[in-house]
Amino acid sequence: MAHGTSASAGGGAGIAPRDITRTGASVALLALSAWVTVPLGPVPLTLQTMALAFVALALTPSQAIGSVALYVALGSLGLPLFSGMRGGLGVIAGPTGGFISGFLVGMVAAQAVLRAGRDRWHRLAACAALLGVSYALGCLQLMAVASLGPGEALLAGCLPFVIPDIVKALVGSRVARSVCHALPGLFDQERG
């Protein structure tokens, strides 16, 4: 009986080392991108949109969703992974928590779009779904936590970020495409 064999090599149950590596690296990328923070009222400007677009487009659906789920879970447990090197349930329940949970729900939406196709328009639609869901959940929580009306929440939590987020998503998309082409054996090989 051989011990320590890879699940992917034998087809058995378990998580392949490659999946663990990609997930860990993606969680680190999401944390690093959150630490680059420019305060703009209740919602800071970070580089997370760029990292999220990269993760959505470079990894398989299960790796991408798993990476964001692990990022949110570890940050919720108190690891300083969120903007301003914060973590804990207080952040998740606070004014920016809806955006953070929106990353996960948005990643699920993005992967659903990518299942339909991987051409340029599907990649752009996936990034739009990721942003749209995050904005929607973020604004809803901002309204509830900060007692803001819909217009005020949009002005404080969404509108100042639309153009920068589009640019960051496009950059993240381009980086993902370049990395997948440069390292085809490392990224994107399980996509159908």
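Below are the figures for this structure:
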| item | result |
| --- | --- |
| Residue in the range 90-112 that is farther than 21 Å from TRP35 by Cα and aromatic (Phe, Trp, Tyr) present | no |
| Residue match in the range 65-76 (condition: polar (S, T, N, Q), surrounded by fewer than 21 Cβ atoms within 10 Å (Cβ to Cβ), in contact with a helix residue (DSSP H, G or I) (Cβ under 9 Å, 6 or more places away or on another chain) and closer than 24 Å to PHE161 by Cβ) | yes |
| Of the criteria (1) surrounded by fewer than 19 Cβ atoms within 10 Å (Cβ to Cβ); (2) more than 26 Å from PRO61 (Cα to Cα), which one VAL91 fails | (1) |
| Top-ranked residue of the range 137-161 - restricted to ones that are at pLDDT below 95 and within 18 Å of the chain's Cα centre (by Cα), ranked as nearest to PRO42 (Cα to Cα) | GLY157 |
| Hits in the range 27-62 (condition: on the phi > 0 side of the Ramachandran plot and of a type in the set (Phe, Trp, Tyr)) | none |
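The values are calculated or read from the model by the stated rules, or taken from the named source; none is laboratory data. Keep in mind that what you see is a predicted model, and the values were worked out from it rather than measured. As a convention, Cβ positions derive from the backbone with ideal geometry for all residues, glycine included, and neighbour counts pool all protein chains shown.
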